[in-house]
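This report refers to the structure that appears directly beneath it.
The values are calculated or read from the model by the stated rules, or taken from the named source; none is laboratory data. What you see is a predicted model; the values in this text were computed from it and never measured. Ideal geometry is used to build each Cβ from the backbone, glycine not excepted, and the neighbour counts take in all protein chains shown.
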Amino acid sequence: MEDTPRKPGFETLAIHAGQEPEAVTGAVVVPIFQTSTFAQEAVGKHKGYEYARTGNPTRTALETCLAALEGGRWGLAFASGMAATDAVAHLLSKGDHVVITDDVYGGTYRLFTKVFARLGIELSVVDMRKPEAAKRAMRPRTKLVWIETPSNPLMKVLDIAALADIAHRGKALAVVDNTFASPYLQQPLKLGADVVLHSTTKYLGGHSDVVGGGLAGNDEELRGRIAFLQNAAGGVPGPFDAWLVLRGAKTLAVRMERHSANAQAIAEWLAENPKVTTVNYPGLATHPQHTLARRQMRAFGGMLSFELRGGEVAAKRMAARTKIFALAESLGGVESLIEIPLAMTHDSVRGTKLAPPAGLVRLSVGIETVDDLIGDLGQAIG
Ligand code: P1T
């Protein structure tokens, strides 16, 4: 019997997938191919690259790595998470319908309601914590089921396998925004999703120094359609941005372990604090989908949200008083951030049924010393 070679583990893939030493010089790190075009030997005779909107070797390395980390056959890198979302939405035609979960990044909702609605795309917003709600919302022209889990900012956890099954029964694609979990904690393709989406600005980049997006999947025909749309519209990352995400991804596993441990400790501390009324963190046994999160995720990640006695006023007061947690939008970097979603990242859902409570505080828990982080939150809550 032949020995089947052991498949490389996640950490090995993060450091090596798409990142073999460079052929000409042996450079161990993928070079930044800072070029817009590639010389051809004769018309149409080239080494796989013509013009850098269509492809660039630094970007190819990132795309190969992204696919490997998500356990998919292909990856595509974009200029931002929204550029990736926009490319997927452009698969739709006038009259098509999307079922979307009721807690998503504000910009995602804005794109569907303010841009694609104008082009005749219809949207149903449902609480996908009950998969039957998604099933009831399906229509003959439903083409996408848009899942975000854990969700931004309320940390709802959705059953990817059940929702992907509902999408497929309706001949729709199941898309999972995996930004909050990262591929280290959750691999939606293995649970039946067709497309995984990332804002690589967040955990994959990991250092708050780049804006980027990514997609991964298995169906080659679908890859072709999305790559065509990307090349036609141009939402591509520059080589240096692709390189920054690739470098960040190398340490994703170790960072996610520490993000998760720090966030767990902070969530438990907040849950004990008499000035805190609610804590949303899937790692708490009190989280309504804790059992599902245990099944679907390797650990619970670095994001959490909570409410304070004293509501919006207390929340804004606290956010202005932290010293280590920077008051800033975004998430997923090594440094801790605090923000008020309704006033900041989710302003575009104000007045809709997606609006989070005005007093909700969101933390992106970094990998600093956890006692320092707890001390900072303690003095800021006062
Ligand atoms: O910012 P961009 O790289 O375009 O990614 C958009 C995006 C997509 N999906 C999720 C779940 C996101 O959280 C984001 C961006 N979010 C923030 C900027 C934020 O602070 O929530």
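Tell me the residue from ALA77, ALA52, ALA83 that is closer than 23 Å to GLY248 by Cβ and touching an Asp or Glu at 6+ places or on another chain (Cβ under 8 Å), please.
ALA77
Has segment 45-58 got any residue that is assigned to a loop (DSSP other than H, G, I, E, B), assigned by TED's automatic domain parsing to the domain that holds GLU220 and under 21 Å from ILE160 (Cα atoms)?
Within segment 45-58 (the criterion being assigned to a loop (DSSP other than H, G, I, E, B), assigned by TED's automatic domain parsing to the domain that holds GLU220 and under 21 Å from ILE160 (Cα atoms)), the answer is no, since none of the residues qualifies.
If you check SER330 against the conditions, is it at pLDDT below 95, surrounded by fewer than 23 Cβ atoms within 10 Å (Cβ to Cβ) and not assigned by TED's automatic domain parsing to the domain that holds VAL126?
On the way: at pLDDT below 95: no; surrounded by fewer than 23 Cβ atoms within 10 Å (Cβ to Cβ): yes; not assigned by TED's automatic domain parsing to the domain that holds VAL126: yes.
Answer is no for this residue.
Quick grid of which residues meet (1) within 21 Å of ALA380 (Cα to Cα); (2) aliphatic (A, V, I, L, M); (3) within 16 Å of the ligand (Cβ to nearest atom); (4) surrounded by fewer than 23 Cβ atoms within 10 Å (Cβ to Cβ):
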site: ASN231; (1), (2), (3), (4): no, no, no, yes
site: VAL245; (1), (2), (3), (4): no, yes, yes, no
site: GLU257; (1), (2), (3), (4): no, no, no, yes
site: ALA265; (1), (2), (3), (4): yes, yes, no, yes
site: ALA320; (1), (2), (3), (4): yes, yes, no, yes
site: GLU335; (1), (2), (3), (4): yes, no, yes, yes
site: ILE338; (1), (2), (3), (4): yes, yes, yes, no
site: LEU342; (1), (2), (3), (4): yes, yes, yes, yes
**Message:** Looking at segment 206-217, I want the residues that are under 20 Å from VAL365 (Cα atoms) and at pLDDT 95 or above and have a partner that is among the hydroxyl-bearing types (Ser, Thr, Tyr) and away from the ligand (no atom under 12 Å from the Cβ) with Cβ atoms under 7 Å, at least 6 apart or on another chain. Which pairs are those?
**Reply:** GLY206/THR251
**Fill in**
Apart from one, (1) part of a helix (DSSP H, G or I); (2) in contact (Cβ under 8 Å) with a residue 12 or more places away in the chain; (3) closer than 21 Å to ASP194 by Cβ all hold for GLY107; the odd one out is (3)
**Message:** Criterion first (of a type outside the set (S, T, N, Q), in a helix (DSSP H, G or I), more than 16 Å from the ligand (Cβ to nearest atom) and free of Cβ contacts under 8 Å to residues at least 24 places away in the same chain) does ALA133 satisfy it?
**Reply:** yes
**Asked** Residues in segment 110-130 that are assigned to a loop (DSSP other than H, G, I, E, B) and either assigned by TED's automatic domain parsing to the domain that holds THR345 or farther than 17 Å from ILE147 by Cβ (or both): how many?
**Response** 5
